[in-house]
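Read the structure below first, then the notes.
Read the figures in this text as sums done on the coordinates, not as results from a lab. None of the values given here were measured: they were computed from a predicted structure. Backbone-built Cβ (ideal geometry, glycine too); neighbour counts: all protein chains shown.
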2 protein chains.
Amino acid sequence: MANVAEMAQAARAASQQLAVASGLSRNAALAAIASALEAQRARVLEANGLDVEEARQMVERGELDQPLLKRLDLSGSKYDATVAMVRSIIAQPEPLGQTQVATELDEGLVLYRVSVPIGVLGVIFESRPDALVQIACLCLKSGNAALLKGGREAARTNAAIAEVMTEATKGLVDMPEHWMSLLEGREEVRALLDEHDHIDLIIPRGGNEFVQYIMNNTNIPVMGHAGGICHVYVDSAADLDRAVDIVVDSKTQYVSVCNATETLLVHAEVADSALPRIAKALQDKGVELRLDERAHAILSSAFQVKRASEEDWKTEYLDYVLSVCVVDDLAAAVAHINRFGSHHTDSIVTEDGDTAKTFLSQVDSASVVHNASTRFADGFRYGLGAEVGISTNRLHSRGPVGLEGLTIYKYVLEGNGHTVASYEGDAPRSFTHKKLDAHWK
Amino acid sequence: MANVAEMAQAARAASQQLAVASGLSRNAALAAIASALEAQRARVLEANGLDVEEARQMVERGELDQPLLKRLDLSGSKYDATVAMVRSIIAQPEPLGQTQVATELDEGLVLYRVSVPIGVLGVIFESRPDALVQIACLCLKSGNAALLKGGREAARTNAAIAEVMTEATKGLVDMPEHWMSLLEGREEVRALLDEHDHIDLIIPRGGNEFVQYIMNNTNIPVMGHAGGICHVYVDSAADLDRAVDIVVDSKTQYVSVCNATETLLVHAEVADSALPRIAKALQDKGVELRLDERAHAILSSAFQVKRASEEDWKTEYLDYVLSVCVVDDLAAAVAHINRFGSHHTDSIVTEDGDTAKTFLSQVDSASVVHNASTRFADGFRYGLGAEVGISTNRLHSRGPVGLEGLTIYKYVLEGNGHTVASYEGDAPRSFTHKKLDAHWK
């Protein structure tokens, strides 16, 4: 299609068709996509092979990081996992047409709040081509039309996947042609951000600077997170074995993701006993420690460590680095997290239920965790099926966002000639406002 | 307080205290406000009298519209109604700390989704001073700190009310001093719009241009509606008695509000019979009709009418004016509404259930209505208690917004030492993802 404005307009029209497509039709389209991806495996992997080869050369020239190469490569079990993921989205409960609340306003006048799609989503993601499949299928299952822009390095793979998906759904019942469109150039992203009338939500998936750029350059609502500065707080009443396990998992289980922990806070009363054990376990995993004055006093004689600057408390390392701060009490831990954190995911290790309750209530983050790793904050682990991303917004959806996060509701009011005038003036009727266990259909 | 930046910062700090205030404390504060408003009636009404007197002079000089005077005047039963409204907010169900979903992720690892306040709200409203009480009390009940800016004409009344409210809550358990602050000048609104870090949501209540100005001049999310271009569609299977009642109510029950109907659509098959009856009833109420070609052909011989231009389909009259269009079928009616409407509230009059279902599904509006007036779209009538406004957003809250619309959720994860590493690698544990009927407390 010629340009982004036309694509956005076509997406809006498609979204109105898709919003009233039945769940059966949407699941049939998803099944067709899964089968087509299986049948066209060679075609997609050939395109992917070209992308991977070009990226390999760029890595050799030092123009690209090695980990990107791994994320780009779809061959082997990753392709099967991608198809399996489409089938798992089919198996998710129907997100649309669900009656959330039913209220009798008066005899014969019933109000239903019913889930509907948001409309048109613009999703901009980085180089993992399996993300294209996942996001497009989440949009389809939730009845949203999608404008998608993937990473430059995966351009051939994404184009092949998008072709397979749109061919598979062409002509199916209830399926508008432009339910998804793939954008190609960077200049198209800029144009996308101006399509306020036709795009209802932008979901950027990528690094801090990229997300900040998107947020600062559009009037369209943006759902996502710019940073993931997550904390573990080891309380004075912590079980130290658990503390070691949780800190090591939160920091090292996968360092380059947003729910990995970047700062450890330790209660002053247990710092002498806890810090050497934790430091030992982390250094065995190759983690560099950056310490405040008190932590430094405890650890510097026995470990290779650095001093932290204030900048460290605001830094998302996404690497084998951890900043460490000794705090006087729970209140100081909460204050540190609310001040320096990114309201993403923060965990407390303690055996004291009241202390945990206070932490979980007062820490102002999308996910708050007691005696478990910050790494659990993820759509799959939370049981949402797949996820389109993790939100640190304070509106609509917070934390991992699955199908429900891609819906909104409309109010449906069924009457039989009711007028407002009869509830006012002389001898007015009264509202009953009775909750019903009823579903609109 | 010196300036808006400081007020916003104080509001953020207050919001963190208010977020963990108990429901008992918040209700006690509301009860104190209700009693103080009763006790200080004379003080508030004296200030209100000065505002009303000044406004009366402005009306005489033609600088202000007459209806504003009525909205400004708090004396008589309106004052009692305002106090009663505070008590009705106390009686609303507790919006915070509600467990929306509980999921066992694995043995001993349970995830709760719990309702929490949004944070800090900036609310800008017009001259009705009872709106100040209503909005501040909704914010307090839902645990949100509020920065409020009322209309210039109500400045003395608003100042007196704000003083009474803050005095009443001073020193109460769990009540931070700056839970609400009143802004005074217009330049402060401009400054408010820049406080991205400390304000989570702006709610503007006012006319189209004003709301558009707010939406175009801030990066803070805005909840509200710029226009209320509502429709009634009289279908070929309509009961014409009902049609007359519903059109008259939707248009004339209160013309200056957003849920009043601005355009009537009539199916061509019943236009000859329906239009003269509807026109007669509307002209008895003093409604001016602006007609498309076909409606004009039917009505122009017997009624005083005008021709509509395309501009009329996009106009929110907020007055005794109605545009009328004859449409060929249901699809044309839906297309007209989705193209020219403001996605606010639209009604169909028909005795055909399938036609109604299609209309209610396909019309892309916050409220869709069958055989009832558009005027029902209102927080009180919908059983939400009071409302902070009506939203045509497609995110977070749609339609009338009550207490629930001022909340979001956080995920609370309770474990006993769980790490993500044990769910990967050799012999990984599996997630159970079992829905529980449990509540976090």
Hey, fewest Cβ within 10 Å first, where do B:398, A:186 land in order? A:186, B:398
Would you calculate the separation in nanometres between label points at residue B:194 and residue A:303, each defined as 7 Å from the Cα along the Cα-to-beta-carbon direction? 4.4
Taking chain A as a Gaussian network, where each spring joins two C-alpha atoms under 10 Å apart, which residue of A:418, A:344, A:267 fluctuates the most? A:418
Based on the Cα coordinates of segment A:321-441, what is the per residue volume of their convex hull in Å³? 225
Inter-copy spacing of residue B:171 label points, which lie 7 Å from Cα along Cα→Cβ, given in nm from shortest upward: 8.1
Take every Cα-Cα distance within chain B, group them into 20 Å bins from 0 onward, and report for each bin the whole-number percent of pairs it holds. 23, 46, 27, 4, 0
Explain nothing, just compute: Karplus ³J(HN,Hα) = 6.51 cos²θ - 1.76 cosθ + 1.60, θ = phi - 60°, for every residue of segment A:5-14 in order, whole Hz, x for Gly and Pro. 4, 5, 4, 5, 5, 5, 5, 4, 4, 4
The protein assembly as shown, Rg to Rh (Cα coordinates; Rh as Kirkwood inverse mean 1/r): 0.99
Check residue B:429: other-chain or 5+ apart residues with amide H under 5 Å from its amide H, H built from backbone geometry? B:423, B:424
Just report the Cα centroid separation between segment B:229-287 and segment B:70-135, whole Å. 35
Once fully extended, how much extra length lies between residue A:319 and residue A:78, figured as 0.36 nm per residue of separation less the alpha-carbon to alpha-carbon distance? 84.3 nm
Please compute, for the alpha-carbon atoms of segment A:236-323, the extent along each of the three principal axes and give them in descending order in Å. 31, 27, 21
Could you pull the copy-to-copy label distances for residue A:272, with points set 7 Å along Cα to Cβ, in nm to one decimal and sorted shortest first? 10.0
What's the FRET efficiency of residue A:170 with residue A:331 using the Cβ-Cβ distance as r and R₀ = 56 Å, to the nearest 0.05? 0.40
at residue A:90 the sorted inter-copy label distances (label 7 Å from Cα on Cβ side), in nanometres, are 5.7
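With an 8 Å cut-off on Cα pairs and a minimum separation of 6 or more residues, tell me the relative contact order of segment B:230-376 in percent.
Normalised by residue count, the contact order of segment B:230-376 is 34 percent.
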Can you work out which chain A residue has the shortest Cβ-to-axis distance for the rotation that carries A onto B, and give it in Å? A:396, 2
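As a test of the formula, what do you get for the protein assembly as shown when each DSSP H run with n ≥ 4 contributes -39,500 (n - 2.57) and the sum is divided by the residue count, at 222 nm and rounded to the nearest 500 deg cm²/dmol?
Numbers: 30 runs with 360 residues, N = 882.
Result for the protein assembly as shown, helices only: -12500 deg cm²/dmol.
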Please report, in Å, the Rg and the Dmax of segment B:127-217, where both are computed over Cα atoms only. 13.4, 41
Among A:74, A:360, A:413, residue whose mean-square fluctuation peaks in a GNM of chain A (springs only between Cα atoms under 10 Å): A:413
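Dividing the convex hull volume of the alpha carbon atoms of segment B:4-216 by its residue count, what do you get in Å³ per residue?
138
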Counting only residues 5 or more places away or on other chains, whose amide H sits under 5 Å from the amide H of residue A:418 once H atoms are built in the peptide plane? B:373
Between residue B:100 and residue A:436, what FRET efficiency follows from the Cβ-Cβ distance if R0 is 22 Å, with the result rounded to 0.05? 0.65
Taking only the Cα positions of segment B:46-88, the convex hull volume per residue in Å³ is 69
Normalised by the empirical 2.2 N^0.38 Å for globular proteins, what value does the Cα Rg of segment B:230-376 take? 0.90
Spelling out what I want: for every residue of segment A:103-116, take phi, set θ = phi - 60°, compute 6.51 cos²θ - 1.76 cosθ + 1.60 (Karplus), and round to whole Hz; glycine and proline get x. 9, 7, 7, 6, 4, x, 10, 10, 9, 10, 9, 10, 6, 9
Expected-Rg normalisation [2.2 N^0.38 Å, Cα atoms] applied to segment B:108-267: 1.34
Explain nothing, just compute: Karplus ³J(HN,Hα) = 6.51 cos²θ - 1.76 cosθ + 1.60, θ = phi - 60°, for every residue of segment A:420-425 in order, whole Hz, x for Gly and Pro. 6, 4, 6, 9, 10, x
Amide H to amide H, which residues 5 or more places from residue A:222 or on other chains are under 5 Å from it, using H placed in the peptide plane? A:202
Given R₀ = 22 Å, what would the calculated FRET efficiency be for residue A:39 paired with residue A:177, taking r from the Cβ atoms and rounding to 0.05? 0.60
